[in-house]
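*Asks:* Sharing a structure, written as structure tokens. Questions coming.
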Amino acid sequence: MAWYSYLRRGENGASALREGSELEQSRSQSLSMADQPLLAVAGGPDGDGHPAENTPAAENKPANDEPAAGVGEAPSIDTPPSLSGLVMEPGARDPHPAGHHRVGGVALALGGGVAKGWAHIGVLRAVEEYGLPVKMIAGTSIGALVGGAYLSGAMDELETFARSLTKSNVVRYLDFTLRGSGLISGARLAARMEEHMSEVSIEELSRPFVAVATDIQSGHEVWLSDGPIVPAIRASYALPGVFTPVQHGGRQLVDGALVNPVPVSVCRAYEPDIVIAVNLAGTSFGKGTVIRQSHYGHIEDALTENVNSQAASWFSFMHSREKATPRENRLGVTSVMVEAFNIIQDRIARARLAGDPPDFTIRPKLGEIGLIDFHKADEAIRLGYDEMMMRLRELEDQGVLDQIVSL
């Protein structure tokens with residue numbers, strides 16, 4: 001019984017039911033067989049999510065062979081609340097679109113980590129050397145940058161660029177602005193990416209690629225899996241407060257690490273055989289503990305050393321000093337934002353990986369590389385390569401690697 005048959009009761013109850021049945025029959029006749037799947041998803045005329053019975057194409061065709069009214073026109077059906085989250089803007093399509101096939105093989109989930117993300121380059125070099133069958137890559141923040149460059153065939157150019165950064169020339173790519181929603185517009189970095197990936201569209205890549213971003217207005221996790229690759233990458237690493245949000249598909253997008261720092265769940269949606277996650281926050285062991293006030297004296301030196309090495313100020317890499325004074329230990333505005341974001345990212349990553357763990361996790365030992373030490377690409381790449389090679393040798397000794405390569 002259709003829902004509208006309940007609108008009238010009492011003396012006119014039978015009449016209302018008859019009108020509802022007639023309206024239901026008319027609606028069924030106005031839909032062609034091509035519309036049936038949509039009707040079934042939206043909750044069919046029978047009210048329980050199944051298409052109405054006795055509505056085949058033969059019954060929809062009038063006896064006089066004239067086209068029925070409404071046939072060939074798009075039916076007006078409101079999207080039910082339960083499916084509203086699946087109506088996504090361009091560049092944020094459903095991870096299971098029509099025609100999607102299981103990718104199998106190995107999927108890589110490349111996590112965020114600002115400057116530490118150069119380690120992803122070394123990880124991918126080791127993957128190539130061992131011949132792992134990587135069938136898709138999902139990346140967050142700088143993981144999206146490295147993963148996108150890898151699948152676009154621009155890895156060599158990205159590595160050359162990363163290794164060319166020094167304490168002084170890195171500032172050339174920071175186009176500061178006093179207008180907008182961030183300290184850096186990001187146009188210079190985007191222009192550098194456009195030199196090598198301007199003509200690349202994600203859907204044209206040989207393997208699936210997803211860049212994870214966050215809708216700053218709604219808080220939604222957005223999977224960018226089609227369209228131009230440069231805007232998708234740029235949106236994925238747009239650190240809130242530092243980079244200006246990226247307008248993409250009618251949304252204002254920022255760094256995906258706010259919602260999914262290590263995108264294992266994205267890889268799972270493509271149904272690979274194995275998911276390998278690269279977690280750049282692996283050296284944050286102990287940062288999630290609780291410290292009592294009475295313990296302050298015991299950890300004061302450790303905290304001072306950590307502040308000196310990683311977050312004394314945004315331009316800490318431009319100054320050569322052995323140890324900062326108490327005044328110099330004060331955090332700048334940008335350093336506070338970056339460090340706060342790192343804490344949030346670490347806590348979110350722990351929670352999400354506990355609920356959806358990967359099959360293997362790679363944690364490069366990047367303790368000596370700060371979040372903004374972009375000039376330390378040589379060291380980060382080497383550490384990423386060494387860690388990945390060590391894990392692959394372990395898997396080879398265990399007899400697991402042969403199974404992975406044969407996938």
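The values are calculated or read from the model by the stated rules, or taken from the named source; none is laboratory data. A quick note: this is a predicted structure, and the numbers were derived from the prediction, not measured. Every residue, glycine among them, receives a Cβ derived from its backbone with ideal geometry; neighbour counts consider all protein chains shown. Just the protein is used for accessible areas: all its heavy atoms, side chains included, with ligands, DNA and RNA removed. Shrake-Rupley method; radii C 1.70, N 1.55, O 1.52, S 1.80 Å.
*Asks:* Return the only residue of I381, I404, I348 being at pLDDT below 90 and either surrounded by 15 or more Cβ atoms within 10 Å (Cβ to Cβ) or part of a loop (DSSP other than H, G, I, E, B) (or both).
*Replies:* I404
*Asks:* At pLDDT 70 or above and open to solvent by 40 Å² or more (accessible area, probe 1.4 Å): does that describe G241?
*Replies:* Judged against the criteria, G241 is not a match.
*Asks:* Further, regarding this structure: Pairs please, first residue from the range 253-273 and more than 20 Å from I344 (Cα to Cα) and part of a loop (DSSP other than H, G, I, E, B), second anywhere and of a type in the set (A, V, I, L, M) and open to solvent by 10 Å² or more (accessible area, probe 1.4 Å), Cβ atoms under 7 Å, 6+ apart in sequence or on different chains.
*Replies:* Filtered contacts from the range 253-273: Y270/V103; E271/V103; P272/V103; D273/L407.
*Asks:* For the range 176-189, give me each residue that is open to solvent by less than 70 Å² (accessible area, probe 1.4 Å) and part of a helix (DSSP H, G or I).
*Replies:* A187, L189
*Asks:* Are there any pairs with C-beta distances below 7 angstrom linking a residue in the range 151-165 that is on the phi < 0 side of the Ramachandran plot and buried (at least 18 other Cβ atoms within 10 Å of the Cβ) to a residue that is outside any helix (DSSP H, G or I) and aromatic (F, W, Y), with the two at least 6 apart or on different chains, and if so which?
*Replies:* L151/F209
*Asks:* Give the residue, chosen from G99, G131, G105, that is at pLDDT below 95, closer than 24 Å to E396 by Cα and open to solvent by 10 Å² or more (accessible area, probe 1.4 Å).
*Replies:* Being at pLDDT below 95, closer than 24 Å to E396 by Cα and open to solvent by 10 Å² or more (accessible area, probe 1.4 Å) holds for just one of G99, G131, G105, which is G131.
*Asks:* Would you say R192 is in a helix (DSSP H, G or I) and either among the acidic types (D, E) or surrounded by fewer than 20 Cβ atoms within 10 Å (Cβ to Cβ) (or both)?
*Replies:* Yes: the conditions hold for R192.
*Asks:* Please state which of the following conditions T140 fails to meet, knowing it meets all the rest: (1) surrounded by fewer than 21 Cβ atoms within 10 Å (Cβ to Cβ); (2) in contact with a Gly (Cβ under 7 Å, 6 or more places away or on another chain); (3) of a type in the set (S, T, Y).
*Replies:* Here T140 clears every test but (1).
*Asks:* Out of (1) assigned to a loop (DSSP other than H, G, I, E, B); (2) in contact with a Phe, Trp or Tyr (Cβ under 8 Å, 6 or more places away or on another chain), what's the single condition that is false for A277?
*Replies:* Result: A277 fails condition (1) only.
*Asks:* State which residue pairs qualify: first residue at positive phi and modelled with pLDDT of 90 or more and inside the range 180-206, second residue in a helix (DSSP H, G or I) and surrounded by fewer than 19 Cβ atoms within 10 Å (Cβ to Cβ) in any location, beta carbons under 6 Å apart, and separation of 6 or more residues or different chains.
*Replies:* Qualifying pairs under 6 Å: none.
*Asks:* How many of the residues in the range 174-213 are in contact with a Lys or Arg (Cβ under 7 Å, 6 or more places away or on another chain) and closer than 21 Å to T140 by Cβ?
*Replies:* Final tally of qualifying residues: 3.
*Asks:* Which condition breaks for S168 when tested against (1) surrounded by fewer than 21 Cβ atoms within 10 Å (Cβ to Cβ); (2) on the phi > 0 side of the Ramachandran plot?
*Replies:* Here S168 meets the rest and fails (2).
*Asks:* What number of residues in the range 221-252 are without any contact (Cβ under 8 Å) to a residue 12 or more places away in the chain and under 11 Å from the mean Cα position of the chain (by Cα)?
*Replies:* 0
*Asks:* Return yes when V266 is surrounded by 23 or more Cβ atoms within 10 Å (Cβ to Cβ), of a type in the set (V, I, T) and in contact with a helix residue (DSSP H, G or I) (Cβ under 9 Å, 6 or more places away or on another chain) and no when it is not.
*Replies:* Judged against the criteria, V266 is not a match.
*Asks:* Still on this structure, please answer the following. Which members of the range 228-249 meet the condition of being of a type outside the set (A, V, I, L, M) and either under 16 Å from G117 (Cβ atoms) or touching a His at 6+ places or on another chain (Cβ under 8 Å) (or both)?
*Replies:* Matches in the range 228-249: P231, R234, S236, Y237, F243.
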